[in-house]
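Okay, so here's the structure we're looking at.
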Amino acid sequence: MSALCPSPAAKPPEFPKQSCWLQVVSHLDAKFGGIAALLPMFCASAEAEGARSPVAGFCNTVEKDNAAAPPRDVTCLPANRILWTLDPWRRSHLKELIRGADGIHIHGIWETHCAVGAALTQSCRRPYILSAHGMLEQWALQNKRLKKAVYATLVETNNLRRATCLRALTRAEVGDYRRIGLTNPVAVVPSGVAIPEDVSASLFLDAYPQLAGKRVMLYLGRLHAKKGLTMLVRAWASSSSSFDDAHLVIAGPDFDGTRAALESLVDELGIRHQVTFTGMLGGPMKWSALAMASIFALPSFSEGFSVAVLEALGMGLPVIVTWGCNIPEVVENRCGWVVEPEQRAIEIAIEESLRLPALDRRMMGERGMALVASRFTWPVVGKQMAEVYRWVLGGPEPASVQIFR
């Protein structure tokens, strides 16, 4: 394998800009959020910069069929660990894919795709990059803590330690890697978004005409305990009662029965007339909901890096987020509120946002749009990731990416 950094004394070699990186993931269906939802655009942005990106998905073909825009070159593999232990043909098939690539990029940890992908990549003598995607954040580690601790000791820490390079979505994630003792180089490359140019609120309002004339605070994401939705509903009940035109919309797929618990809480608090649950919104309906909203809220306990927040900012919405969302740029660029994941802090932010004059809200939104356009579009992310790929293969150090050693 080529050295990670060429010797300073040596003449820099001519380095080809074209390469092939096998993207290894656990899911392809966008309902699983995060990695699966972003994968098509991630692959397309890397390929636009010369890094061909075939995909190996450790999931069934139904997920490929359900993907909103699957990458062009996808191979579905079984996720069952026992099959990988007992079936040499499957290992041989994946090795063939790995040997056909210059390097491997593993997205996410704790699952079969990471253990199998890392092990076979090493045996094929190829470099690999590993992206934890927020799965080493402290709150996330507390979920199934004992199981993760045992698995990390036996398997996952070695997978991470042997990576040629680690990719972090944020500066905070660099700290997550270092906190567990990893000394690998870490490249900070965020996720990106693509904001459509012409979006109308009419599609969403046709589906929910009762929201016409309302000031909508929108939550958009999985309905999961880590998202802080119970706090949001309680804070909304306390803060919105003075604003007759205020309405909370909670949009996203249900996980672990969270929606039923939230609906019961809404009824218990007597705010059914001020809260609407829409289920998962995708494609034009999602963008229409963002166009209709006045404010976006994500009071999460833990996020690797929330693309939903970037989409809201890119659509010109002020945002209310917590520090666990790992986007301090909201404060730095004065395009919203970043608060502690506590009910009272969220209440204050909601009250301030609802009292904000229309001109101030519009200026906040414009600053958010400028932030996204300059740092978080897919062309920017694709260029950064392609630079990291070339560097790992022996090319020059990336000019547009922070590298932590």
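In what sequence, highest mean first, do 237-244, 320-327, 40-47 appear when ranked by Cβ atoms within 10 angstrom?
Numbers: 237-244: 15.5, 320-327: 26.0, 40-47: 21.8.
Packing order, densest peptide first, comes out as 320-327, 40-47, 237-244.
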Whole-percent tail of the Cα-Cα distance distribution for the chain, cut at 40 Å, equals 19
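Give the shape of the stretch 132-179 as rounded, prolate or oblate, defined through the alpha-carbon gyration tensor: a ≥ b ≥ c are the square roots of its eigenvalues, a/c under 1.5 means rounded, and otherwise the shape is prolate if a/b is larger than b/c and oblate if not.
Details: a/c = 2.55, a/b = 1.19, b/c = 2.13.
The shape class here is oblate.
Based on the Cα gyration tensor of the stretch 129-272, what are the three equivalent ellipsoid semi-axes, each the root of five times an eigenvalue, rounded to whole Å and given largest first? Spell out each step's value before the answer.
Values: eigenvalues 303, 85, 31 Å².
For the stretch 129-272, the ellipsoid semi-axes come out as 39, 21, 13 Å.
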Lys and Arg at +1, Asp and Glu at -1: neighbours of A349 with Cβ under 13 Å from its Cβ sum to -3
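Work out how much length R72 to Q142 would gain on full extension: take 0.36 nm times their residue separation and subtract the Cα-Cα distance, in nm to one decimal. Walk me through the numbers before you get to the answer.
Values: separation 70, 0.36 × 70 = 25.20 nm, distance 3.67 nm.
Stretched fully, the R72-Q142 segment lengthens by 21.5 nm.
Can you tell me the convex hull volume per residue for the stretch 29-155, based on C-alpha atoms, in Å³ to the nearest whole number? Present the calculation step by step, with values, prior to reporting the outcome.
Working: hull volume 15.5 nm³, N = 127.
Cα convex hull per residue, to the nearest whole number: 122 Å³.
Starting from the stretch 146-236, pick out the chymotrypsin sites (Phe, Trp or Tyr not before Pro) whose DSSP state is loop and whose Cβ has at most 15 other Cβ atoms within 10 Å. All intermediate terms of the calculation are to be shown ahead of the outcome.
Numbers: sites: Y151, Y177, F204, Y219, W236; in loops: none.
Loop-located and lightly packed - none at all.
So how much slack lies between D254 and A373, counting 0.36 nm per residue of separation and subtracting their Cα-Cα distance, in nm? Kindly include the intermediate steps, with their values, before the conclusion.
Details: separation 119, 0.36 × 119 = 42.84 nm, distance 3.10 nm.
Contour length minus the Cα-Cα distance gives 39.7 nm.
Please give the net charge around W378, taking every other residue with its beta carbon less than 15 angstrom from that of W378, where Lys and Arg add +1 and Asp and Glu add -1. Let's see the in-between values first.
Numbers: positive: R375, K383; negative: E47, E49, E197, E311, E387.
In short, -3.
Please say if the stretch 202-375 is rounded, prolate or oblate, where rounded means a/c under 1.5 for a ≥ b ≥ c the square roots of the C-alpha gyration tensor eigenvalues, and otherwise the choice is prolate for a/b larger than b/c and oblate otherwise? Intermediate results must be reported in sequence, preceding the final value.
Working: a/c = 1.30, a/b = 1.21, b/c = 1.07.
It is rounded, given that a/c, with a ≥ b ≥ c, falls under 1.5.
Over the stretch 202-375, what is the relative contact order in percent, taking alpha-carbon pairs closer than 8 angstrom and at least six residues apart?
Values: 303 pairs, mean separation 42.5, N = 174.
For the stretch 202-375, the relative contact order is 24 percent.
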Which of G175, G336, G304 fluctuates most in a GNM of the chain (C-alpha springs under 10 Å)? That residue is G175
Residue-ordered couplings for the stretch 386-399, obtained by feeding phi - 60° into the Karplus form 6.51 cos²θ - 1.76 cosθ + 1.60 and rounding to whole Hz (Gly and Pro as x), are 5, 4, 5, 4, 5, 4, 4, 7, x, x, x, 5, x, 7
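I want the local charge near R99. Using Cβ-Cβ distances under 13 Å, sum +1 for each Lys or Arg and -1 for each Asp or Glu among the other residues. Numbers along the way, then the final one.
Values: positive: R91, K95, R125, R126; negative: E96, D102.
Here the count lands on +2.
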With the label point 7 Å along the Cα-to-beta-carbon line of T157 and a cut-off under 16 Å to each amide N, the hits in the stretch 108-129 are 110
For the chain, averaging the sequence separation of alpha carbon pairs under 8 Å that lie six or more residues apart and dividing by its residue count, the contact order in percent is 18
Distance in nm between R52 and A212 label points, each 7 Å along Cα→Cβ, equals 5.4
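Please say if the stretch 341-385 is rounded, prolate or oblate, where rounded means a/c under 1.5 for a ≥ b ≥ c the square roots of the C-alpha gyration tensor eigenvalues, and otherwise the choice is prolate for a/b larger than b/c and oblate otherwise?
Details: a/c = 6.82, a/b = 1.84, b/c = 3.71.
Cα axes put the stretch 341-385 in the oblate bin.
Using helices alone, what [θ] at 222 nm do you get for the chain, with -39,500 (n - 2.57) per DSSP H run of 4 or more residues, divided over all residues and rounded to the nearest 500?
-12500 deg cm²/dmol
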Residue by residue through the stretch 316-332, the couplings from Karplus 6.51 cos²θ - 1.76 cosθ + 1.60 with θ = phi - 60°, in Hz, x for Gly and Pro, are x, 9, x, 10, 10, 10, 9, 4, x, 7, 6, 9, x, 4, 4, 6, 4
Mean Cβ-within-10 Å packing, highest first, puts peptides 163-174, 135-146 in the order 163-174, 135-146
Here, R178 and L356, labelled 7 Å along Cα→Cβ, have an inter-label distance in nm of 3.2
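Read-outs throughout are calculated quantities, based only on the coordinates presented, and are distinct from any laboratory measurement. As the structure is a prediction and not an experimental result, all values here were calculated from the model. Counting neighbours? That spans all protein chains shown, and the Cβs are built from the backbone with ideal geometry, glycine included.
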